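Q: Just passing along the structure, written as structure tokens.
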């Protein structure tokens, strides 16, 4: 995953605390595109891209903060619901790598007996992925005139 | 037609809403299961419902189960939306009573195609199928009433020698005075006198009205056409009706008989009956696989056997490899509906253990069963729910297959 992420700074995205979950080695997504070109095109054709991408970029920090809070409170149903929603909305917006990353988190929450521990490396990876994805979305949104 | 989308993810909901609107349908949004359930309690609740699996308050699976146990509502088409795409998830979705399962991210063409299936299914569960059938029977008869009942309301379309003589709704005004009220020159007293004359002489009111110079025959015909047209349109819109044709021998009192085409919407006059041996092409159909002589002989026999099952409306056999219809009997087969079920049946790990797939609506039961296991072919049967017993139908259909 790290090879695919362009760790450039994004000024309009906060750096929220990233939830950490102990996932199995190798279970993190590798090689998935930041943005699925076909989904981007569909959103553009539906006239949604210029509206949904900025909204997602704005909403994502709060969503991740809520996920982190749920992790801190060991609120398993809350964690799972949030991870699931983030997985779904990311996928729907073509953010394939991000969706898969949230999918790894959701699947870990679903798995019986999953253990929780601080994993700075994964946390950093997810944070970098969020930055890269939102930057790509910002570029697409900027290139798409409002309809 | 309106579609309810219940999804707590505003981004997925926005995409689905845009797709539904692009199909020319109205879209209502609910952000959780509770809000969706409230909307489904209303009198004009949407009959196509897309439910996200995981959402707060009530999840989509539970909501689907609740929808299915309601006895007092019209059939609601339910599709489960989910980013889960494992086989067991899809199966669980269908087991909850869903008609379809749509995975995220949504594919435009796929969602639009599924919306068309939903629309078609909802239309087929409404009044139109039975009403079409009753009207077709009435047109062939010497006379009688098409009676449409929805709870306490009763509509009647009165036929005389294949033509429409009158239409009436039990709780709406239908007197001659009410009909002619818009024609300012005719008073209630004159109408009363006309009716007394008809009663005394046995003449019909059209002849008397014209003979007395109260209205021209052309204008009377125009007024009656407009009146009957409106009544029939309102009768056709009755929710969840019971429809029968009752042969009657009566003398129409109006003296004006209208051609069905003048007063009945074209879609209600279209005959759904197409007795045929096929073959028909279904979506996805491309290449016909060669049939052995034995199979070519067996298929017509099986179809004949299937269509003779009590209550059977149509029977068809499909090749799942290319979607080709190998033959059909009875009424026209809803190809979109069949194809959506074939797609489910064609999933490899279901097919091997599949006994049958059923979908029930208020008026119909559709049963799909493997006809040959390998290569995969399937037999499809549409049954009138009112006249059949499901266990008997399943056993009888099992005797029609080769698998």
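Q: Residues being within 19 Å of residue B:18 (Cβ to Cβ) and free of Cβ contacts under 8 Å to residues at least 40 places away in the same chain: count how many of those fall in segment A:49-63.
A: Looking only at that region, the number is 2.
Q: Got a sec? Which of A:132, A:124, A:70, A:141 is over 26 Å from residue B:31 (Cβ atoms), at pLDDT 80 or above, more than 13 Å from chain B (Cβ to nearest Cβ) and out of contact with any strand residue (DSSP E or B) (no Cβ under 9 Å at 6 or more places or on another chain)? Even if it seems obvious, please write down each step before you answer.
A: Values: A:124 fails: at pLDDT 80 or above; A:70 fails: over 26 Å from residue B:31 (Cβ atoms); A:141 fails: over 26 Å from residue B:31 (Cβ atoms).
Sole residue among the options that is over 26 Å from residue B:31 (Cβ atoms), at pLDDT 80 or above, more than 13 Å from chain B (Cβ to nearest Cβ) and out of contact with any strand residue (DSSP E or B) (no Cβ under 9 Å at 6 or more places or on another chain): A:132.
Q: Can you report the number of residues in segment A:79-97 which are part of a helix (DSSP H, G or I) and either in contact with a strand residue (DSSP E or B) (Cβ under 6 Å, 6 or more places away or on another chain) or within 7 Å of chain B (Cβ to nearest Cβ) (or both)? It would help to see each step written out before you state the result.
A: Our first condition is that a residue be part of a helix (DSSP H, G or I); within segment A:79-97, this holds for A:79-92, A:96-97.
Filter once more, keeping what is either in contact with a strand residue (DSSP E or B) (Cβ under 6 Å, 6 or more places away or on another chain) or within 7 Å of chain B (Cβ to nearest Cβ) (or both): A:81, A:84-85, A:87-89, A:91-92.
The qualifying residues number 8.
Q: Quick one: residue B:188 ticks every box in (1) farther than 30 Å from residue B:363 by Cβ; (2) touching a residue at least 60 places away in the same chain (Cβ under 8 Å) bar one, so which box is it?
A: (2)
Q: Additional query: Which count do you get for residues in segment B:193-204 that are surrounded by 13 or more Cβ atoms within 10 Å (Cβ to Cβ) and within 29 Å of residue B:234 (Cβ to Cβ)?
A: Narrowing segment B:193-204 to residues surrounded by 13 or more Cβ atoms within 10 Å (Cβ to Cβ): B:193-195, B:197-198, B:203-204.
Keeping just the survivors that are within 29 Å of residue B:234 (Cβ to Cβ) gives B:194-195, B:198, B:204.
Total meeting the criteria: 4.
Results for (1) modelled with pLDDT under 85; (2) within 32 Å of the chain's Cα centre (by Cα), shown as yes or no for each residue.
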residue	(1), (2)
B:174	yes, yes
B:185	yes, no
B:228	no, yes
B:242	yes, yes
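Q: Follow-up. For segment B:145-155, which residues satisfy the criterion of being surrounded by fewer than 21 Cβ atoms within 10 Å (Cβ to Cβ) and either in contact with a strand residue (DSSP E or B) (Cβ under 9 Å, 6 or more places away or on another chain) or outside the structural domain of residue B:249 (by TED's automatic domain parsing) (or both)?
A: Filtering segment B:145-155 down to residues surrounded by fewer than 21 Cβ atoms within 10 Å (Cβ to Cβ) leaves B:147, B:149-154.
Those that are surrounded by fewer than 21 Cβ atoms within 10 Å (Cβ to Cβ) and either in contact with a strand residue (DSSP E or B) (Cβ under 9 Å, 6 or more places away or on another chain) or outside the structural domain of residue B:249 (by TED's automatic domain parsing) (or both): B:147, B:149, B:150, B:153, B:154.
Q: Please determine, by comparing only the residues of segment A:47-62 that are within 11 Å of chain B (Cβ to nearest Cβ) and surrounded by fewer than 19 Cβ atoms within 10 Å (Cβ to Cβ), which one is nearest to the chain's Cα centre (by Cα). I'd like the intermediate steps shown before the answer.
A: Initially, segment A:47-62 is screened for residues within 11 Å of chain B (Cβ to nearest Cβ), giving A:47-49, A:51-53, A:55-56, A:59-60.
So of that shortlist, the ones also surrounded by fewer than 19 Cβ atoms within 10 Å (Cβ to Cβ) come out as A:47, A:51, A:55, A:59.
On the way: A:47: 23, A:51: 18, A:55: 14, A:59: 11 Å.
Residue satisfying both the conditions and the ranking: A:59.
Q: In segment B:205-222, which residues are surrounded by fewer than 17 Cβ atoms within 10 Å (Cβ to Cβ) and either under 16 Å from residue B:175 (Cβ atoms) or in contact (Cβ under 8 Å) with a residue 40 or more places away in the chain (or both)?
A: Correct list: empty.
Q: Which residue pairs have Cβ atoms closer than 7 Å, lie 6 or more positions apart in sequence or on different chains, and pair a first residue in segment B:96-110 that is not assigned by TED's automatic domain parsing to the domain that holds residue B:359 with a second residue that is at pLDDT 85 or above and surrounded by fewer than 17 Cβ atoms within 10 Å (Cβ to Cβ)?
A: Listed by first residue and then by second, the contacts come to B:96/B:65; B:97/B:65.
Q: Continuing with the same structure: Identify all residues within segment A:98-111 that are more than 10 Å from chain B (Cβ to nearest Cβ) and crowded, with 24+ Cβ neighbours inside 10 Å; write none if there are none.
A: Residues satisfying the conditions are A:98, A:101, A:105.
The values are calculated or read from the model by the stated rules, or taken from the named source; none is laboratory data. A quick note: this is a predicted structure, and the numbers were derived from the prediction, not measured. For neighbour counting, all protein chains shown are included, and Cβ atoms are generated from backbone atoms with ideal geometry for every residue, glycine included.
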